[in-house]
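Notes follow the structure.
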Amino acid sequence: MHIPDGFLDVKTAVATGAAAAAGVAWAAAVAQKRMPRRRVPLVGLAAGVIFAGQMLNFPVAAGTSGHLLGSVLAAVLLGPAGAVVAMTAVLIVQCLLFSDGGLTALGANILNMAIVGVLSGYAVYRLAWRFMPHRHGQVAAAAFGAWCATVLSALACALELAASGMVPARLAVPAMGMVHMAIGAGEAVITALVLAGIARSRPDLLEAAPATATAPDRRLVLGGLVLGVALALFAAPFASELPDGLEAVAEKFGFAERAATVVPAPMPDYRMPGVPWSIAATGIAGAAGTLLAFALAAGLARVLVPRQATPAPRPSAAP
């Protein structure tokens, strides 16, 4: 769903960039006021694992592939503001280092996946959870929210393509919607499986955990980061090479050749330069991207969320 350079006209790129900037600024302000300091490491961990997960394209119907979006998964762990920060970090790393999403379309990609995906999916999740107020219901609600987030993000992308004159909305909306309904089913399954495991083993990591829950320890963060690196290093090279939903739609309606790269990336198409073996080149690039997404998201969260003030010692009672 990452829009490349060349698909959006100037007015659409500017408008979506402004909307994305406003959304990220809102998320930063909310995270600064409301995010507990103990969740700062989780922002980096979520970004790293989602980056790795997005490299794992899986085949869907009609010769296309899809990959994890991760917006609702991040929101259930971090809250919507923290999820926007984490997803924005992922998209920046993908764009600048791998040319996965164009620089001129970065605002649109952040708007679609980090803002529309997070906020719409989270709203659906919270509403659905009201009707199933138990732990299994939370997982089911998150899965439904993840499916909705995938479809709504795709529809936002379709409208942007139509506004740019790439394809009429009457064609773009059903085409993007239908293929991402299938991709969203995979998103829902992945989200449910991950959250079910977390709910069973570490329910304190969920966004709705009590405020008294302890911070994730270093072993948990390190273990999660190792898992993300391992996925990128050993699984990503074997991901499906079928075109994703947006690529398939672009090929179908004849504007795929409009894709361009304005600023060359150091590791284009997730290939580490100088590594002749393609499997190793992809794995190394993916591992590097996972670590960089973790570092960027954790750094942003650490800057945004103030340290809790240490209470002043009480004066000793007079003898």
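Inspect all residues belonging to region 215-224 and state whether any of them is β-branched (Val, Ile, Thr), modelled with pLDDT of 95 or more and out of contact with any Phe, Trp or Tyr (no Cβ under 6 Å at 6 or more places or on another chain).
no
In region 11-49, how many are touching a helix residue (DSSP H, G or I) at 6+ places or on another chain (Cβ under 8 Å) and not in a helix (DSSP H, G or I)?
1
Pull out all pairs, ordered by first then second residue, where Cβ-Cβ is under 8 Å, the residues are six or more apart or on different chains, the first lies in region 288-308 and is outside any helix (DSSP H, G or I), and the second is surrounded by 19 or more Cβ atoms within 10 Å (Cβ to Cβ) and modelled with pLDDT of 90 or more.
Close Cβ pairs satisfying both conditions: 305/31.
Under 6 Å by Cβ, and 6 or more places apart or on different chains, what pairs join a residue from region 159-181 that is β-branched (Val, Ile, Thr) with one that is in a loop (DSSP other than H, G, I, E, B) and surrounded by fewer than 18 Cβ atoms within 10 Å (Cβ to Cβ)?
Here the result reads 167/253, each pair linking region 159-181 to a residue that is in a loop (DSSP other than H, G, I, E, B) and surrounded by fewer than 18 Cβ atoms within 10 Å (Cβ to Cβ).
Anything in region 1-24 that is β-branched (Val, Ile, Thr) and closer than 10 Å to residue 102 by Cα? List them, or say none.
3
Answer with yes or no whether residue 131 is more than 18 Å from residue 67 (Cα to Cα) and aromatic (Phe, Trp, Tyr).
Answer is yes for this residue.
State all residues of region 50-73 that are in a helix (DSSP H, G or I), farther than 23 Å from residue 279 by Cα and within 14 Å of the chain's Cα centre (by Cα); if no residue qualifies, say none.
Of everything in region 50-73, those that are in a helix (DSSP H, G or I), farther than 23 Å from residue 279 by Cα and within 14 Å of the chain's Cα centre (by Cα) turn out to be 71, 72, 73.
Among the numbered conditions (1) in contact with a helix residue (DSSP H, G or I) (Cβ under 9 Å, 6 or more places away or on another chain); (2) outside any loop (DSSP other than H, G, I, E, B), tell me where residue 197 comes up short.
Looking at each condition in turn, residue 197 falls short on (1).
Could you say which residue among 147, 129 is surrounded by fewer than 21 Cβ atoms within 10 Å (Cβ to Cβ) and assigned to a helix (DSSP H, G or I)?
After applying the criteria, what remains is 129.
Across region 3-49, what is the total count of residues that are β-branched (Val, Ile, Thr) and within 18 Å of the chain's Cα centre (by Cα)?
Counting residues in region 3-49 that are β-branched (Val, Ile, Thr) and within 18 Å of the chain's Cα centre (by Cα) gives 6.
Pull up region 93-104, narrow it to residues that are outside any helix (DSSP H, G or I) and out of contact with any Cys (no Cβ under 8 Å at 6 or more places or on another chain), then point me to the one that is nearest to residue 24 (Cα to Cα).
If we take residues in region 93-104 being outside any helix (DSSP H, G or I) and out of contact with any Cys (no Cβ under 8 Å at 6 or more places or on another chain), then 104 is nearest to residue 24 (Cα to Cα).
Can you confirm whether region 27-37 contains a residue that is buried (at least 21 other Cβ atoms within 10 Å of the Cβ), over 23 Å from residue 184 (Cα atoms) and at pLDDT 95 or above?
yes
The values are calculated or read from the model by the stated rules, or taken from the named source; none is laboratory data. What you see is a predicted model, and the numbers here were worked out from it, not measured in a lab. Using ideal geometry, Cβ is built from the backbone for each residue, glycine included, and neighbour counts are taken over all protein chains shown.
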